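The values are calculated or read from the model by the stated rules, or taken from the named source; none is laboratory data. Just so we're clear, the structure is a prediction, and the values are computed from it rather than from any experiment. Glycine gets a Cβ as well: all are built from the backbone with ideal geometry, and neighbour counts include every protein chain shown.
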Amino acid sequence: MVLAFPFFEGRLTMQLDASISAVITGGASGLGAATARRLASRGVRVALFDLNAEAGEKLAAELGGVFCQVNVTSDAEVDAAFAKARAANGQERVLINCAGVGTAIKTAGRDKATGEIKSFPTLNFDRVIQINLVGTFRCIARSAAGMLTLDALPNGERGAIVNTASVAAQDGQMGQAAYSASKAGIVGMTLPIARDLMGEGIRVNTILPGLFNTPLLQGAPEHVKAALAASVPFPKRLGDPDEYAALAESMLTNGYFNGECVRLDGAIRMAPR
């Protein structure tokens, strides 16, 4: 007897073409911009969410997309941005979360000049959590709700979401308590959210980038960048943002990719400092 399961027949893939709309947070530069370029090259209609209006408008014009200036810590701004993106491009089936910030402050320590003992300001810690973790969840929840209004594709899928954590989620360095906590939170919520949305045909995955040649590092002195590159086991270089974009694309187009958190780091394991 041959058993047939029509819902799962064939390879479950999302075709990236002009029928697909995507939202990329942090899309004006770095990993987000590289992903926007890759998706646009496949014909996808892209909307860039970012605070940097100058860079965002310029890239959106280059890609034939739409720019939405938005602070991901604000419900009102995120709602307005999704409304603007959907008015221009239609309801998105793809969400890429790249918006985030970093900080480097020890939990407690002594001022080198005065010897004064200081602790990590709670407001600074909360800011990083609000942007990186809560901001990511806010965009996921809004986007997923929108995806639920769509008809399922022939493969049963309604959409796919890719989040950005960091290798610091697993081996954070000194001064990275807030950053590591925020990124570990993204890792921790990936599987539960994928399970929340499994009955609706929405997949959720997360990338943990290592040392990438993004604007954050491009301003560093060459000897600093060389030392960082040398610390990567292989290949001994900084990651290229398009390598992140390529993995994001695979997570979108491979229908069996769901609930996963994947390091993209050249096998690096970060030292304490």
Item to check | Residue satisfying all of: in the range 191-204; within 17 Å of the chain's Cα centre (by Cα) and not in a helix (DSSP H, G or I); farthest from residue 260 (Cα to Cα) among these | outcome: 202
Next on the checklist: Go through the range 152-175 and report how many residues are among the polar types (S, T, N, Q) and at pLDDT 95 or above.
Outcome noted: 4
Checklist entry - Restricting attention to the range 70-86, does a residue exist that is surrounded by 13 or more Cβ atoms within 10 Å (Cβ to Cβ), at pLDDT below 95 and under 20 Å from the mean Cα position of the chain (by Cα)? => result no
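Per-residue answers, yes or no, for (1) within 21 Å of residue 137 (Cα to Cα); (2) modelled with pLDDT of 95 or more:
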{"residue": "178", "(1), (2)": "yes, yes"}
{"residue": "181", "(1), (2)": "yes, yes"}
{"residue": "191", "(1), (2)": "yes, yes"}
{"residue": "202", "(1), (2)": "yes, yes"}
{"residue": "222", "(1), (2)": "no, no"}
{"residue": "240", "(1), (2)": "no, yes"}
{"residue": "246", "(1), (2)": "no, yes"}
{"residue": "260", "(1), (2)": "yes, yes"}
{"residue": "265", "(1), (2)": "no, yes"}
Checklist entry - If residue 253 passes every condition in (1) of a type in the set (Ser, Thr, Tyr); (2) closer than 20 Å to residue 36 by Cβ; (3) buried (at least 19 other Cβ atoms within 10 Å of the Cβ); (4) touching a residue at least 60 places away in the same chain (Cβ under 8 Å) but one, which one does it miss? => result (3)
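To keep it simple, each residue is scored yes or no on (1) within 21 Å of the chain's Cα centre (by Cα); (2) β-branched (Val, Ile, Thr); (3) crowded, with 16+ Cβ neighbours inside 10 Å; (4) part of a loop (DSSP other than H, G, I, E, B).
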| residue | (1), (2), (3), (4) |
| --- | --- |
| 115 | no, no, no, yes |
| 124 | no, no, no, no |
| 135 | yes, no, yes, no |
| 140 | yes, yes, yes, no |
| 143 | yes, no, yes, no |
| 146 | yes, no, yes, no |
| 149 | no, yes, no, yes |
| 157 | yes, no, yes, yes |
Checklist entry - How many residues, within the range 28-47, are part of a loop (DSSP other than H, G, I, E, B) and surrounded by fewer than 20 Cβ atoms within 10 Å (Cβ to Cβ)? => result 2
Checklist entry - For the range 148-171, how many residues are closer than 26 Å to residue 27 by Cβ and not hydrophobic (A, V, I, L, M, F, W, C)? => result 8
Checklist entry - Which residues, counting only those in the range 194-207, are touching an Asp or Glu at 6+ places or on another chain (Cβ under 8 Å) and buried (at least 22 other Cβ atoms within 10 Å of the Cβ)? => result 202, 203, 205, 206
Checklist outcome for this item: Scanning the range 1-19 for residues that are at pLDDT 95 or above and within 15 Å of residue 251 (Cα to Cα) gives 16
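Here's the yes/no breakdown for (1) closer than 30 Å to residue 123 by Cα; (2) in contact with a Phe, Trp or Tyr (Cβ under 8 Å, 6 or more places away or on another chain); (3) assigned to a strand (DSSP E or B):
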{"position": "166", "(1), (2), (3)": "yes, yes, no"}
{"position": "173", "(1), (2), (3)": "yes, no, no"}
{"position": "178", "(1), (2), (3)": "yes, yes, no"}
{"position": "206", "(1), (2), (3)": "yes, no, yes"}
{"position": "236", "(1), (2), (3)": "no, no, no"}
Next on the checklist: Which of the numbered conditions does residue 20 fail, given that it passes all the others? Conditions: (1) surrounded by fewer than 24 Cβ atoms within 10 Å (Cβ to Cβ); (2) closer than 24 Å to residue 153 by Cα; (3) free of Cβ contacts under 8 Å to residues at least 40 places away in the same chain.
Outcome noted: (3)
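For (1) surrounded by 18 or more Cβ atoms within 10 Å (Cβ to Cβ); (2) under 13 Å from the mean Cα position of the chain (by Cα), each residue gets a yes or a no:
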residue: 178; (1), (2): yes, no
residue: 189; (1), (2): yes, no
residue: 224; (1), (2): no, no
residue: 241; (1), (2): yes, yes
residue: 245; (1), (2): yes, yes
residue: 248; (1), (2): yes, yes
